[in-house]
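The values are calculated or read from the model by the stated rules, or taken from the named source; none is laboratory data. Since this is a predicted model, take the numbers as computed values, not measurements. Here the Cβ is made from the backbone with ideal geometry for all residues, glycine too, and neighbour counts use every protein chain on show. The accessibility values were calculated without ligands, DNA or RNA, using every heavy atom of the protein model including side chains. Shrake-Rupley method; radii C 1.70, N 1.55, O 1.52, S 1.80 Å.
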Amino acid sequence: MLSPSNINDPELVALASKILADSGFDIRQYKERPLKRRLAVRMRSCQVSSYEEYRQKLKDDPGEYIKLLDALTINVTKFYRNAETYLAVFDRVLPIILEESKSSPVRIWSAGCSSGEEPYSLAIMWREFSQARGLAMDCNIYATDIDLRILEKAQAGIYPRSSMDEIPQNLAGKYFEVRNDKYHISPQIKDMVKFDKLDLFSRYPHSELDLIFCRNVLIYFSRQTQEDIFYKFAQALRAGGFLVLGKVENMFGQMKDTFASFDVKERIYRAVK
Ligand SMILES: C[S@@+](CC[C@H](N)C(=O)[O-])C[C@H]1O[C@@H](n2cnc3c(N)ncnc32)[C@H](O)[C@@H]1O
């Protein structure tokens, strides 16, 4: 169970309760200022000026829920986003995972995967790693997001050129087919990734994971919610499993009994054994 945030405006609390009851989505877990800013965008576009009126709008037009979710979830992503992080994982994390996982398939979770660039990058990285070592070892990549529409895009695996800015050119040539200026991910990579809808505020179905990528997602959540999620990640990882955050995200000091820092610059942590 996640702790409620410090939102105390009664109209906003009532709105949050309605959204939670109708859709199961708990907006109180988001940071208050960005939450209010994004709600304001939706309210302007619905031409209402109070949370009470917006609550009525949601009652009259349940289709507004989709637009609200779109406004709250920021889907920006890229292949090999911050390529230096992928390089650090390739050089220093995968060899440890290989050594520790013995012969069982490697298990990786991309939490908040957006349109799929991140989990497909992880699949490409594992392919490159295992091919370079002549391994035939399987790797299962679970990719989840709360946004069903973005997951459909992920499953299609077709991308604009702008998604390809950071991926090394040789990998773009090897794992994509270009048709009509769109990049189609190769079927061998597609088959490695399983997409599912999952709200990070809910329970996680994963355990004994080797690696979690959760990048540029937690930054939107309240501090208490981030902390709760870190604990749940620790439960989902095997002892010594790795967690990689976004370049501007940090693990708080009080998590040091749960996670140890592995690479400060690349925001890589290990679940304490
Ligand atoms: C900025 S994208 C990050 C994509 C990718 N991880 C990256 O770093 O490039 C943030 C993603 O988090 C998802 N998200 C937001 N709130 C969520 C929640 N409560 N549960 C699961 N995913 C959520 C959004 O739908 C969005 O696709």
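Each Lys or Arg adds one and each Asp or Glu takes one away; over the other residues whose Cβ falls under 11 Å from the Cβ of residue 91, this sums to -2.
In whole angstrom, note down how far apart the Cα centers of region 217-273 and region 1-60 are. A separation of 28 Å, based on Cα centres. Counting only protein heavy atoms and a probe of 1.4 Å, the accessible surface of region 83-271 is 49% carbon and sulfur. A Förster distance of 45 Å, applied to the separation of the beta-carbon atoms of residue 37 and residue 265, puts the FRET efficiency at 0.90. With the cut-off at 1.5 for a/c, could you classify region 125-172 from its C-alpha gyration tensor as rounded, prolate or oblate? In terms of gyration-tensor shape, oblate.
Based on alpha carbons, the Rg and Dmax found for region 153-273 are 16.9, 51 Å. Annotation: peptides 83-92, 257-266, ranked by per-residue average of other Cβ atoms within 10 Å with the highest first, follow the order 83-92, 257-266.
Checking the table 232/273; 67/194; 174/197; 18/67 against a 18 Å threshold on Cα-Cα, which pairs fail? From the list (232/273; 67/194; 174/197; 18/67), the Cα-Cα distance tops 18 Å for 67/194; 174/197.
Classify region 10-72 as rounded, prolate or oblate, taking a ≥ b ≥ c as the square roots of the eigenvalues of its Cα gyration tensor: rounded when a/c is under 1.5, otherwise prolate if a/b is larger than b/c and oblate if not. It comes out rounded by the Cα gyration axes. Gain on full extension, evaluated as 0.36 nm per residue between residue 155 and residue 140 minus their Cα-Cα distance, stands at 3.8 nm.
Sorted largest first, the principal axis extents computed over the alpha-carbon atoms of the chain equal 62, 51, 29 Å. The residues of the chain present an accessible area of 48 Å² per residue when probed at 1.4 Å with all protein chains retained.
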